[in-house]
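Enquirer: Structure provided below as structure tokens; questions to follow.
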Amino acid sequence: MNIGLSFIHILMLMATMMVVFSKKLLHSLIFLSLFSMLLSLKYLTLRAPDVAITEAALGTGLATVVYLVAIRKTRRK
């Protein structure tokens, strides 16, 4: 395992911790999007560009928009 992949793993772990322990939903969503982008970068380093493009489009793009709309349409008490 090379240093770049280890660095991506550390960043993914940090993003995951921020998703779980963030107090605000919007911040959690941003870190979830960051995690997805880091995962697509990992797929790219593992020489799976088709999976990386799919993860970037669906995980980072579409899922973030769907979650953002859901957060905006619900009211917090």
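Enquirer: Between F7 and F21, how many nm apart are label points set 7 Å from Cα along the C-beta direction?
Expert: Distance between label points: 2.4 nm.
Enquirer: Here is a follow-up. L58 versus T45, label points 7 Å from Cα toward the beta carbon: distance in nm?
Expert: 2.3 nm
Enquirer: Only helical DSSP H runs with n ≥ 4 go in: add -39500 (n - 2.57) per run for the chain, normalise by residue count and round the 222 nm mean residue ellipticity to 500 deg cm²/dmol.
Expert: -24000 deg cm²/dmol
Enquirer: For I3, I71, which order do you get if you count the other beta carbons within 10 Å of each Cβ and list the fewest first?
Expert: I3, I71
Enquirer: Using the Kirkwood radius over Cα pairs, work out the Stokes-Einstein diffusion coefficient for the chain at 37 °C and 0.692 mPa s, in µm²/s as a whole number.
Expert: 249 µm²/s
Enquirer: What do you get for the angle between helix 63-73 and the principal long axis of the chain? Use alpha-carbon atoms, 0 to 90 degrees, nearest ten.
Expert: Once rounded, the angle reads 10 degrees.
Enquirer: How far is helix 3-21 tilted, in degrees, relative to the longest principal axis of the Cα atoms in the chain, given as a value from 0 to 90 rounded to the nearest 10?
Expert: Rounded to the nearest ten degrees, it is 10.
No value in this document is a laboratory result; all are computed from the given coordinates. Worth saying up front: this structure is predicted, and the values here are computed from it rather than measured. With ideal geometry, Cβ positions are generated from the backbone for all residues, glycine too; neighbour counts draw on all protein chains shown.
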